[in-house]
Amino acid sequence: MDIDEDTQKLAENIILRNAVDYNGRARLDSVISKILGSRPQIKSNIKDVIPKIKEILEQINSLSIERQRELLLQKCPSYFDAKKVVEKNESVLPPLINANIGKVVTRFPPEPNGYPHIGHAKAAVIDEEYAKMYSGKLILRFDDTNPLNEKIEYYDAILEGLSWLNIKPDIIKNTSDDINLLHYYGRKLINKGSAYICLCDQTTIHDLRSKGIPCQCRIHTDKTLENSDKIFNGYYHKNEAIIRFKGKMDSDNTAMRDPTLFRIIENTHPKLGDKIFLWPTYDFAAPIEDSLDGVTHAFRTKEYELRNELYRQILTILDLRIPEVIEFSRLEFEGLPVSKRKLKPLIEEKLVEGWADPRLPTLMGLKRRGFTPDAIRRFVLSLGITLSETKPSIEVLEAFNRKIIDSKSKRLLFIDEPFKLTIKNANRKKVLFKNHPSIEMGSREIDVNNVVFISSKDAEKLKNGMEIRLIELYNIKVSTIDMAKKEGLVEYTDDILKENIQKIQWVSELDMVKYTILKPNKLFIGDKLNPNSLEVLEGFAESYVNTLSKGTMVQFIRVGFCCIEDTKSAILTHK
Ligand SMILES: [Zn+2]
């Protein structure tokens, strides 16, 4: 019989991937279990489907590996994106312009208004790598000039995140340390006629900006100095006055239409308390701080592109040195937004567990899920300084991580939805289980009698008379399977390793604990929260898990790499 077109395509893709993974030779058993995994409905006529799959497999195996790669590249290009960047594994940061060894100063300027995420990691890694590349300095500067949003908690979280990423700034400072200096330069700009006090209400400001028309405050400058004294002395309250840059109201670049340089915020500042009420915007503070801090190369994400003209003009008018400004694209993963606008409601409505939820792209979340700082660094460097706005797939980060943790993760047994197998003619025995298939990591002993548990998903595939192998144990032949009762009877056959029988994992009745694996999925599908963003796999693990401490990486066979959470649960990092 023939199989339907979709199944045929699926089979071809899986076989091609498998062939490329294994030096040109796809293996029937692993291919079939993958196909069944994606398309359980064909289980019922698997006997008819297998010959067809075998036919495709033989045809693909007969091709050269180069041809297989070519075909896979056509059908599934993303496979190579992940593979390629991991194999290259090198920094692709281009040299900087106007950079001299020992003289380069970069800065990472986060606002302490939230928990650091993968986007911060990208900026911080690039800033640090360039400082290292030129034996220069990295400044960590908390851009804390909006007391509405900033909290000590966030300064600490950023420090902790950087320390986890192994990023060591040479200088740590706050923009708020320089608030008097920023006020000084603000007054200077006003005195030079390049800034003015605007008393218009927000709607008028917005309206005139969009039309490109100047307001009365800009036109009638006779009161500017008087109002300037008033605004610096605390005469005005919130929304009554702002200091605006005298740009070009009809500029094509809307960022030049008299942007705000200072606004009044009467909230308590986490570092300065209630002393200060007139706060510079990022537009004003960033160029001045960069220039005075000696920053030679200022990296910013592409969304600031329009503001570069303003950055340079402010420094030019104030006779301050202008750093090189370099843009890079902001980093976020498909389905994993980093914006607080999207993430904060999830936390407030308790749709996720907090900022360390393993579904989130926060550094805390990624750490808890089992991503290593080294993988994040290599991944960021593999992206380089691109300006393209495409979102990379998290699979690329996963590929870097897998390469690092594979050799460090013990292989353990876990089964979900337990199904009880009673084995006739089985002797009680102790099985020596290697902790890693290829690396010397010792072994552990598992005590087995005549009862083991397997996953119900595996049990569903069993048919009377079928022979299967319990991984590292022995072969059994199925007698009866009762899916309703979740138990079955099998018979011990022999110990011989056989090529073409299915191998399934199990846990021993004498050596098991109740165990949960949390499986994070994409948080968003399109713009909607994925209702299935966290799957919970409940079952049994071997009792060895009780000896593992939080943060240990393991690989549960056929489930994936996991990060141990506690003695009762782990989080699936990735396959
Ligand atoms: Zn005005």
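The values are calculated or read from the model by the stated rules, or taken from the named source; none is laboratory data. Since this is a predicted model, take the numbers as computed values, not measurements. Here the Cβ is made from the backbone with ideal geometry for all residues, glycine too, and neighbour counts use every protein chain on show. Surface areas here come from the heavy atoms of the whole protein model, side chains and all, with no ligands, DNA or RNA. Shrake-Rupley method; radii C 1.70, N 1.55, O 1.52, S 1.80 Å.
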Taking into account only those residues within the stretch 198-210 that are within 8 Å of the ligand (Cβ to nearest atom) and of a type in the set (V, I, T), which is nearest to I231 (Cα to Cα)? I205
Scanning the stretch 535-558 residue by residue, those open to solvent by 10 Å² or more (accessible area, probe 1.4 Å), at pLDDT 95 or above and not hydroxyl-bearing (S, T, Y) turn out to be E535, V536, L537, E538, F540, N546, L548, K550, G551, M553, Q555
I need every pair where a residue in the stretch 321-348 that is of a type in the set (F, W, Y) has its Cβ under 8 Å from the Cβ of a residue that is open to solvent by 70 Å² or more (accessible area, probe 1.4 Å), sequence separation at least 6 or different chains. F328/L387; F333/K391
Cβ pairs under 9 Å, 6+ apart or interchain, first in the stretch 239-262 and on the phi > 0 side of the Ramachandran plot, second open to solvent by 60 Å² or more (accessible area, probe 1.4 Å) and within 12 Å of the ligand (Cβ to nearest atom), ordered by first then second residue, are N239/D201; N239/Q202; D258/R209
Return the only residue of L387, L397 being hydrophobic (A, V, I, L, M, F, W, C), more than 23 Å from L366 (Cβ to Cβ) and either under 27 Å from the mean Cα position of the chain (by Cα) or outside the structural domain of A570 (by TED's automatic domain parsing) (or both). L387
Yes or no: the stretch 222-232 includes at least one residue that is more than 10 Å from the ligand (Cβ to nearest atom) and touching a helix residue (DSSP H, G or I) at 6+ places or on another chain (Cβ under 6 Å). yes
Considering only residues that are within 12 Å of the ligand (Cβ to nearest atom), open to solvent by less than 60 Å² (accessible area, probe 1.4 Å) and within 16 Å of Q202 (Cα to Cα), which ones fall in the stretch 233-248? A241, I242, I243, R244
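Can you report the number of residues in the stretch 182-197 which are within 11 Å of the ligand (Cβ to nearest atom) and either aliphatic (A, V, I, L, M) or farther than 24 Å from N253 by Cβ (or both)?
Number of matching residues: 1.
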Out of (1) in contact with a helix residue (DSSP H, G or I) (Cβ under 6 Å, 6 or more places away or on another chain); (2) among the β-branched types (V, I, T); (3) within 13 Å of the ligand (Cβ to nearest atom), what's the single condition that is false for I219? (1)
Out of everything in the stretch 45-73 that is within 17 Å of D6 (Cα to Cα) and at pLDDT below 85, what residue ends up being most open to solvent (accessible area, probe 1.4 Å)? D48
For the stretch 1-59, the count of residues that are touching a residue at least 12 places away in the same chain (Cβ under 8 Å), of a type in the set (S, T, Y) and in a loop (DSSP other than H, G, I, E, B) equals 0
